[in-house]
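Okay, so here's the structure we're looking at.
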Amino acid sequence: MNPSRLIQLSCFSSLCVIALAGCSDEPSSSDVKSAIEEQISAFGMAPKDTRVHDLKILDCIAGENDPSYICNVEFGISASYGGQPETETFADTIRLIKGSEGWHIRH
């Protein structure tokens, strides 16, 4: 095969991979973090300085019958209770649905 043709094919296949990777519909780490923070705020009992950190998405699987994703995640939550800072680490499976204003946790 002609070396210049091989380079062209290689570049084309690399561009296809990049384009397909950019088209993923699954939620990003920032999407999941925002959804978790929204859920914490909805309970209304968390201190104002509560924050989600060190979020890791282990995997996400597309839902079968709706536009949802089931994601296995690990994250930390930090907040001050009675003036003392506390941090907890969680591992959870959450179901996310994309709405008009972003991703939301659905039970």
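The values are calculated or read from the model by the stated rules, or taken from the named source; none is laboratory data. The structure presented is a predicted model; accordingly, all values stated were derived computationally and were not measured. In this analysis, Cβ positions are derived from the backbone assuming ideal geometry, glycine residues included, and neighbour counts consider all displayed protein chains.
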Given (1) exposed (fewer than 12 other Cβ atoms within 10 Å of the Cβ); (2) in a strand (DSSP E or B); (3) at pLDDT below 95, identify the lone condition not met by Asp66.
(2)
Pick from Ser30, Ser4: which is among the small types (Gly, Ala, Ser) and either assigned to a strand (DSSP E or B) or modelled with pLDDT of 90 or more (or both)?
Ser30
Looking only at residues in region 69-92 that are surrounded by fewer than 11 Cβ atoms within 10 Å (Cβ to Cβ) and touching a strand residue (DSSP E or B) at 6+ places or on another chain (Cβ under 8 Å), which one is farthest from Pro27 (Cα to Cα)?
Pro85
Residues of region 38-58 being at negative phi and modelled with pLDDT of 95 or more, in sequence order, are Val52, His53, Leu55, Lys56, Ile57, Leu58
